[in-house]
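Structure record follows, encoded as C-alpha cells.
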Amino acid sequence: MTEPIRVANCSGFFGDRPSGAVEMVEGGPIDVLTGDWLAELTMLILSRIRAKRPGQGYARTFVAQMEQVMGTCLDRGIRVVSNAGGLDPDGCAEAVHEVAQRLGLSPTIAYVDGDDLLDRIAALAADGDLRPFVDGGDLGDVDRFVSANAYLGCFGIVDALESGADIVITGRVTDAAVVCGPAAWHHGWERTDLDQLAGGVVAGHVIECSGQATGGNYSFFDEIEGRTDVGGGARFGFPWADIAADGSSVVGKHDGTGGAVTVGTVTSQLLYEIGGPRYLGPDVTARFDTIELEQVERDRVRISPVRGEAPPPTLKVAMNELGGYRNSFSVALTGLDIEAKAEFAQATFWDACACGPDDFESIDSRVIRTDKDDPATQEEATAVWRVTVKDADERKVGRAFSDAQVHTALSGIPGLYGLGGGPSAASPFGVYRPARIDASLVPQNVTVLGGDITRIESRAPLDGVEVPPVDVDDGVPAEASGRWRDAPTTSSPLGSVIGTRSGDKGGDANIGVFTRSDDAFEWIDAFLTVERLAELLPETATTAIDRHRFPKLRALNFVVHDLLQEGVAASTRQDGQAKAVGEWLRARVVDVPTSLLDDA
C-alpha cells in the first residue's frame with residue numbers, strides 16, 4: 001500500500017496573499033503544491049481581462065509565485081497543480097515556461113483544457129444539449145455570454161502527472177480536483193474507486209479555501225491562541241492534507257504557524273458552499289453525511305473514509321452573461337426624524353434626476369437603520385439611504401444618475417453628505433447562469449508543452465459497475481425530547497451554542513450551522529426548522545429554503561434560494577456573497593436551554 005501523499009494549498013481565491021506559495025514550500029515537507037484561483041465571479045473578471053488582452057485570461061499572480069518557488073519545487077520533487085489557467089490555461093502555461101527559461105530551469109509543464117464552451121455555446125443550446133441547471137430555469141441570452149465553462153474532474157490532472165509533468169495548469173476544474181487529482185495519481189485510484197475518490201474530494205473541499213480550514217472565517221475565533229500577535233500568530237498558516245490510499249486524510253498546517261486546525265474549523269469549512277448530503281462532482285458523488293472527524297493531536301484532524309456514489313452523467317456549466325450596467329450611491333441620514341429625512345431626500349433626488357424610478361430596468365432603494373437612540377457618537381446617530389439602479393443603457397445609469405444626488409446637496413435634508421466617495425460612472429455587471437451538459441460532450445485535453453496531446457473522456461466508465469446504495473437522511477428535524485421542552489431557558493444569542501459558515505452558490509446562499517456537543521445538536525436540530533430560520537432572518541422569508549441534516553458532523557445546512565438574486569456580480573445586497581449571513585443568525589436572541597449555556 002502506498003504511503004499518504006501530502007497535498008498543500010497556497011491560495012483560496014484570486015487575490016489571496018501572495019506569500020502563500022513560499023510559506024507552504026519553505027515551511028515544512030509537502031509532496032504537492034496546489035491552489036484555487038477560480039470562482040464564479042473570477043471567471044467574469046478574467047473574461048474582461050481576456051477581452052482587453054487576448055490570451056491573458058489567467059491568474060498572473062500564480063505566475064509570479066512560480067518564479068518564487070519553481071527552483072525549490074524542482075529540487076525537492078514537489079509537483080504543482082493549479083487551476084490558475086482560468087480562461088487561458090495554454091497562455092498561463094507559456095507564461096510559466098517563460099519564467100522557467102529566464103531562471104535557467106527546465107520543468108515539464110502541462111495544461112488541461114476543454115472546459116471552455118463559449119465558442120460552442122449557441123450551437124449546444126440550439127441542439128438542446130445545454131439545459132438549465134434546475135428544471136424550468138432560464139438559460140438566458142446565449143449571445144450575451146462572456147464566459148461559459150464546464151466543471152471538469154481530476155483525471156486530466158492524473159494523466160498530466162503520469163506523463164511526467166512537474167507543473168500542471170488547468171482551466172475550470174472543480175475546486176477539489178486539484179487535490180483529488182494528485183491523490184488519485186499517487187495511489188493509482190481507478191475511476192471505479194468511488195469511496196477513495198470521495199475521500200479525495202472531501203480533503204480537497206476542506207483545504208481549497210486556504211485559511212478557512214485553519215481558523216479563518218471561524219465563528220469561535222476567540223479560542224484561537226495568538227490570533228492578535230502581529231508578526232506571529234495573526235497570520236494563519238495555510239492547510240495541507242495527508243491523503244491515504246483508502247481516501248481517509250489528516251488535515252493539518254505547518255508547525256509554528258498561526259491559526260488552528262480543530263474539529264470545529266474543519267467542520268465549519270466542510271459546510272461552506274454546499275447543498276445536501278450528496279456532493280455532486282464529475283468524478284464521484286461524495287456522501288458528506290458519512291464524514292466523521294477526530295482530533296488526533298494539536299492541529300491535526302483525521303477525516304474518516306468517506307462513502308462515494310456514481311457521479312451524475314452531466315457536468316455543471318458556469319456561464320456569465322453581460323447583464324448591463326449599474327450604479328449606486330449612499331447618503332447619510334443623521335439624528336432625528338430618520339424616516340422623514342429619507343422620504344425628503346428621495347423626493348429631492350428624483351426631482352433632480354433626469355429619469356424616474358420606473359425608467360430603470362431595476363432599482364433597489366432601502367433605508368438602513370444603523371442609528372441608535374441617544375447616540376454618543378455621530379456614527380451612532382447615522383442611518384443610510386442606499387440606492388442601486390441597473391439598466392442596459394450605460395448613459396442612463398452613469399453620471400447623469402450619480403450627479404443628480406450632488407445637485408441636491410444644498411437644497412435638501414439637514415446634515416446631508418454622501419458616503420463612499422463622489423459621483424461615479426456606470427460599471428458593467430454580469431449575470432450568473434448555471435447549466436448542465438452531458439459529460440460525454442466535454443472531453444478533457446491534456447497538453448504537455450513540446451509534447452503530445454491526450455484526450456480524456458469526462459464521462460466516468462461506470463456502466464455495469466455495481467455501487468451499493470447509502471441511505472440518505474430525509475432532512476426532517478428530530479422531535480424535541482421532553483427534557484428540552486420542559487428545560488429552563490435563558491435568553492441568549494444563538495451564537496452561544498452554534499457556529500456557522502455561510503457563502504454563495506450562484507444566486508443562492510447556504511448557511512451551515514454546527515454545534516460542538518451531542519446535546520446542543522439534539523436541541524438545535526429540533527429548534528431550527530425552516531420556518532424558524534425565516535422568522536429569525538426575515539430577509540429569507542419570501543425565498544424557498546431547503547434544510548439538510550449531517551448528524552455525524554452535528555450540523556445542519558440551509559440553502560436559501562435566490563437570496564443573492566442573479567449572482568454575486570449582480571446582487572444589490574450589501575453582503576453580495578452571503579459571507580456574514582451566518583453571523584447574523586448567531587446574533588439573534590432566542591430562549592436557549594440554560595444547561596447548554598453552562599456547557600458552552
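The values are calculated or read from the model by the stated rules, or taken from the named source; none is laboratory data. None of these values were measured; they are calculated from a predicted model. With ideal geometry, Cβ positions are generated from the backbone for all residues, glycine too; neighbour counts draw on all protein chains shown. Surface accessibility is based on the protein's heavy atoms, side chains included, excluding ligands, DNA and RNA. Shrake-Rupley method; radii C 1.70, N 1.55, O 1.52, S 1.80 Å.
For the range 527-553, a residue qualifies if it is open to solvent by 30 Å² or more (accessible area, probe 1.4 Å), assigned to a loop (DSSP other than H, G, I, E, B) and either small (G, A, S) or touching a residue at least 40 places away in the same chain (Cβ under 8 Å) (or both), and the qualifying residues are T529, A541, A544. Quick check: anything in the range 413-427 touching a Phe, Trp or Tyr at 6+ places or on another chain (Cβ under 9 Å), of a type in the set (S, T, N, Q), open to solvent by 40 Å² or more (accessible area, probe 1.4 Å) and over 30 Å from D127 (Cα atoms)? Yes, the range 413-427 contains at least one residue that is touching a Phe, Trp or Tyr at 6+ places or on another chain (Cβ under 9 Å), of a type in the set (S, T, N, Q), open to solvent by 40 Å² or more (accessible area, probe 1.4 Å) and over 30 Å from D127 (Cα atoms).
Among residues belonging to the range 554-571 that are open to solvent by 10 Å² or more (accessible area, probe 1.4 Å) and touching a strand residue (DSSP E or B) at 6+ places or on another chain (Cβ under 7 Å), point out the one that is nearest to S147 (Cα to Cα). Only one residue fits best here, namely A569.
Of the residues R386, R399, R307, only one is surrounded by fewer than 16 Cβ atoms within 10 Å (Cβ to Cβ) and either among the basic types (K, R) or in contact with a Lys or Arg (Cβ under 7 Å, 6 or more places away or on another chain) (or both); which?
Numbers: R386 fails: surrounded by fewer than 16 Cβ atoms within 10 Å (Cβ to Cβ); R307 fails: surrounded by fewer than 16 Cβ atoms within 10 Å (Cβ to Cβ).
From the options R386, R399, R307, the qualifying one is R399.
Those strands (runs of 3 or more DSSP E) of the range 225-299 in which at least 1 residues are among the charged types (D, E, K, R) and open to solvent by less than 40 Å² (accessible area, probe 1.4 Å), considering only elements entirely within it, cover 239-243, 249-253, 285-287.
Would you be able to tell me the number of residues in the range 146-173 that are assigned to a loop (DSSP other than H, G, I, E, B), open to solvent by 10 Å² or more (accessible area, probe 1.4 Å) and under 19 Å from A460 (Cα atoms)? Give the derivation first.
Taking the range 146-173 first, the residues assigned to a loop (DSSP other than H, G, I, E, B) are 151, 153-154, 163-166, 171-172.
Checking the rest, the ones that are also open to solvent by 10 Å² or more (accessible area, probe 1.4 Å) come to 151, 163-164, 166.
If we keep only those that are under 19 Å from A460 (Cα atoms) as well, we get 151.
So the count comes out to 1.
Evaluating L494 against the criteria (1) within 22 Å of G264 (Cβ to Cβ); (2) out of contact with any strand residue (DSSP E or B) (no Cβ under 8 Å at 6 or more places or on another chain) leaves one unmet condition, (2).
Filtering the range 174-207 to residues that are part of a helix (DSSP H, G or I), open to solvent by 30 Å² or more (accessible area, probe 1.4 Å) and free of Cβ contacts under 8 Å to residues at least 60 places away in the same chain leaves only W185.
Might you check whether a residue that is closer than 23 Å to T572 by Cα and under 25 Å from the mean Cα position of the chain (by Cα) occurs anywhere in the range 302-319? Steps first, answer last, please.
Taking the range 302-319 as the starting set, the residues that turn out to be closer than 23 Å to T572 by Cα are 318-319.
Then drop every residue that is not under 25 Å from the mean Cα position of the chain (by Cα), which leaves 318-319.
Among the residues of the range 302-319, at least one is closer than 23 Å to T572 by Cα and under 25 Å from the mean Cα position of the chain (by Cα), which makes the answer yes.
Here is a list: V384, V389, V367, V431. Which entry is closer than 26 Å to T42 by Cβ and at pLDDT 95 or above?
From the options V384, V389, V367, V431, the qualifying one is V389.
L103 falls short on exactly one of the conditions (1) under 30 Å from V81 (Cα atoms); (2) modelled with pLDDT under 95; (3) out of contact with any strand residue (DSSP E or B) (no Cβ under 7 Å at 6 or more places or on another chain); (4) not charged (D, E, K, R), and that condition is (2).
More than 27 Å from D452 (Cβ to Cβ), in contact (Cβ under 8 Å) with a residue 12 or more places away in the chain and buried (at least 22 other Cβ atoms within 10 Å of the Cβ): is that true of A39 in this structure? Talk me through it step by step, then tell me what you get.
Details: more than 27 Å from D452 (Cβ to Cβ): yes; in contact (Cβ under 8 Å) with a residue 12 or more places away in the chain: yes; buried (at least 22 other Cβ atoms within 10 Å of the Cβ): no.
Taking the combined requirement at face value, the residue does not satisfy it.
Can you confirm whether the range 118-125 contains a residue that is within 25 Å of the chain's Cα centre (by Cα), open to solvent by 10 Å² or more (accessible area, probe 1.4 Å) and of a type in the set (G, A, S)? No, there is no match, as no residue in the range 118-125 is within 25 Å of the chain's Cα centre (by Cα), open to solvent by 10 Å² or more (accessible area, probe 1.4 Å) and of a type in the set (G, A, S).
Pairs are defined by a Cβ separation below 7 Å, a sequence spacing of at least 6 or placement on different chains, a first member in the range 439-450 that is under 19 Å from K316 (Cβ atoms), and a second member that is polar (S, T, N, Q) and open to solvent by 20 Å² or more (accessible area, probe 1.4 Å); the pairs so defined are A439/T314.
Consider V590 carefully, then state whether it is open to solvent by less than 50 Å² (accessible area, probe 1.4 Å), out of contact with any Phe, Trp or Tyr (no Cβ under 8 Å at 6 or more places or on another chain) and modelled with pLDDT of 95 or more. Walk me through it before giving the result.
Numbers: open to solvent by less than 50 Å² (accessible area, probe 1.4 Å): yes; out of contact with any Phe, Trp or Tyr (no Cβ under 8 Å at 6 or more places or on another chain): no; modelled with pLDDT of 95 or more: yes.
Spelling it out, it is not the case that V590 is open to solvent by less than 50 Å² (accessible area, probe 1.4 Å), out of contact with any Phe, Trp or Tyr (no Cβ under 8 Å at 6 or more places or on another chain) and modelled with pLDDT of 95 or more.
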